[in-house]
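Asker: This structure is in C-alpha cells; I'll ask about it shortly.
Throughout, read-outs are computed from the coordinates displayed, never taken from laboratory work. None of the values given here were measured: they were computed from a predicted structure. For neighbour counting, all protein chains shown are included, and Cβ atoms are generated from backbone atoms with ideal geometry for every residue, glycine included.
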Protein chains: 2
Amino acid sequence: MMQRTTTDGARAPRADAQRNRDRILGAAEQYFSEHGVTGSLDAIAKRAGVGAGTLYRHFPNRESLLAALLAARDDALVARRDDLRSGSVNAADALDGWLDAITAWAGAFDGLPEPLRAATATSSSPLAMTCQGFITTTEEFLRAAQDDGGARRDVRARDLFLAALARSWVRGAALADDASAAALAELTRNGWATTSAARAGDGR
Amino acid sequence: MMQRTTTDGARAPRADAQRNRDRILGAAEQYFSEHGVTGSLDAIAKRAGVGAGTLYRHFPNRESLLAALLAARDDALVARRDDLRSGSVNAADALDGWLDAITAWAGAFDGLPEPLRAATATSSSPLAMTCQGFITTTEEFLRAAQDDGGARRDVRARDLFLAALARSWVRGAALADDASAAALAELTRNGWATTSAARAGDGR
DNA sequence: AACGATACGGAGACACTCTCCGCTAGATCG
DNA sequence: CGATCTAGCGGAGAGTGTCTCCGTATCGTT
C-alpha cells in the first residue's frame, strides 16, 4: 500500500506526533488562560505529559504555539466577519463591530496584544500572517464605510487595527474597569467616524 | 562635629552609597536605552561596576529603578505642563499638547508603556504615584477644555491617559511608521474633541 | 519480523532574578 | 589620630525558565 501523503506531497504525520501536538495545544490553551501568554512553556509540556523537546519540536517558539492556538479561533472571527458583511445595514456599524471583534479576539489571553503587536511589526512571525489577514479585512470594512460616507477618508486600516489592539492592551490593565473599555471604544469610534461637519482638519 | 542629618532626623547616606546609586542610574539609563526596559539588571550592575546585591539594595525591583530613572525626567514634563498652562490660547490645544507630552514621555525607553500601564492598575508600585500625578494633571487640562467647550463632557481623564500610553505602546511597533503615530494622534484627538474644536490649531 | 524513518524525552548548557551573609570601608568618637 | 561601630558592599548560589542535543523508543512499511 502506498503511504498516505498530504496534498502537497509531504508524508502524513505519525499518529503519536499528531496526538502529542493536540495534547500540547490543549494544555497550552488551558495554561495560557490561567497564567497569561508569558506562562512557562516547560510547564505546558509537563501538563501535556510530553518532554520539553517534543514541545519545541512542534512549536519552535512561543509565537508559533500562540499562532496555532489562535488558528483554532480564526473560524469564529471569520464567521463574525461574514455576519457583519451580510447583516449590517450600516457600513460604519459593520466596521465598528469588526473592530470590536478584533479587540475581543486579541483579549483571548492575558498579554496577547503584545506579541500581536510585535508580529504586526516584524512580518516574519507565524502570527504576522494572521494579523495581515485581519488588516486586509479591516481595509474592506473601512473602504465600505468611507464610500458610504460613514468614515473619514484620512484614516488607514492598519491604524485602526493597531488601535483595536491597543484597546485590548489597555483592557489588560486591571484599572481599566468596564467603563474604560466602553469609553475607549467610543473614543476610537469618534476618532474615525464622520460627524455632521466631517471636514477633517490638517493634522497640524 | 555633628553628623549631618536629613531634615527628618535620618542619618545622611554614606558617600559610597550615593556614588553607587548614581552610577547605577547612569548605567541603567544607558542600558535601557539600548536594550529596552526588559534588559538584564545584572548586566546593569556589571556595567555600573557594582555587585548585584548593591543594585538590588538600592532598587528592590525593576519598577523602582525605572521610577528613579523617570523621576529625573519629571522636571521636563512639569515644565511642559507649566508652559502649556500659561502659553496656550486654546484649552483643547493645551490638552492635546499635554497628551502628546505624556506620549513622548512614555516612549523614553523601549517597552516602557507596559510597566506604566501595570503601575496604573496596581497603585502600589513606585511608578503608580507618578502616573497618578499625571492623571490628575490630565484631569485639570481636560476640565478646562470641557469648560471651554473644546472637549466632550463624556470623556474621563484616566481614559485619555491610558490612550496616550496606548499610543506610545503602538509606537513601539516598528510597523508603526511615523505616519501611524500622527494618524493615531489625530484619531485620538478626534475622539475626545468636540467637532468644532477637532481641527488642531498650533498644538505644537 | 525486520528495518528505516520519525519522533520522543529529559538531562544539561545557558541566561536571568534575587537573596544571603562574611567582609570592607565610611563615619563618628575619644 | 586610631579605635570602633555599622551601613553598605559584592558575588556565590538557589530558584526558575528557555531551548538544544542525542541516545532511545515507536511508528509505518515491506
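Asker: Add +1 for every Lys or Arg and -1 for every Asp or Glu among the other residues with Cβ under 14 Å from the Cβ of B:Y56, and state the total.
Answerer: Charge balance in the 14 Å sphere: +2.
Asker: Over what distance in Å are the Cα centres of region B:123-144 and region A:80-117 separated?
Answerer: Computed from Cα coordinates, the inter-centre distance equals 31 Å.
Asker: Helix-derived [θ] at 222 nm for the protein assembly as shown: sum -39500 (n - 2.57) over DSSP H runs of at least 4, divide by residue count, nearest 500?
Answerer: My calculation for the protein assembly as shown gives -22500 deg cm²/dmol from helical runs alone.
Asker: Where does the charge balance sit around A:N90 when Lys and Arg score +1, Asp and Glu -1, over other residues with C-beta under 11 Å from its C-beta?
Answerer: That works out to -3.
Asker: Okay, next question. Can you pull the mean other chain C-beta count within 10 Å for peptide B:121-131?
Answerer: So the per-residue partner count for this stretch is 1.
Asker: Now for a different question. Go through region A:88-191 and name the trypsin sites (Lys or Arg not before Pro) that are in a DSSP coil and have 12 or fewer other Cβ atoms within 10 Å of their Cβ.
Answerer: Here the sparse-neighbourhood loop sites are A:R153.
Asker: With a cut-off of 8 Å between alpha carbons and a minimum separation of six or more residues, what is the relative contact order of chain A in percent?
Answerer: This gives 18 percent for chain A.
Asker: Within 10 Å of each Cβ in A:150-157, how many Cβ atoms from other chains are there, averaged over the peptide?
Answerer: Shielding by partners across A:150-157 averages 2.
Asker: Report, to one decimal in Å, the Kirkwood hydrodynamic radius for region B:73-197 based on all distinct Cα pairs.
Answerer: 14.6 Å
Asker: Relative contact order, percent, of region A:71-192 when contacts are C-alpha pairs under 8 Å separated by at least 6 residues?
Answerer: Reported as a whole number, the value is 28 percent.
Asker: From the backbone phi of region B:150-160, what are the Karplus-calculated ³J(HN,Hα) couplings (6.51 cos²θ - 1.76 cosθ + 1.60, θ = phi - 60°) in whole Hz, Gly and Pro given as x?
Answerer: x, 9, 4, 7, 8, 9, 10, 4, 4, 5, 5
Asker: Counting other Cβ atoms within 10 Å, which trypsin sites (Lys or Arg not before Pro) in region A:4-75 have at most 14 and lie in a DSSP loop?
Answerer: A:R4, A:R14
Asker: Something else about it: Can you list the residues, at least 5 places off or on another chain, whose amide H is less than 5 Å from the amide H of B:A151, using H built in the peptide plane?
Answerer: B:Q146, B:T194
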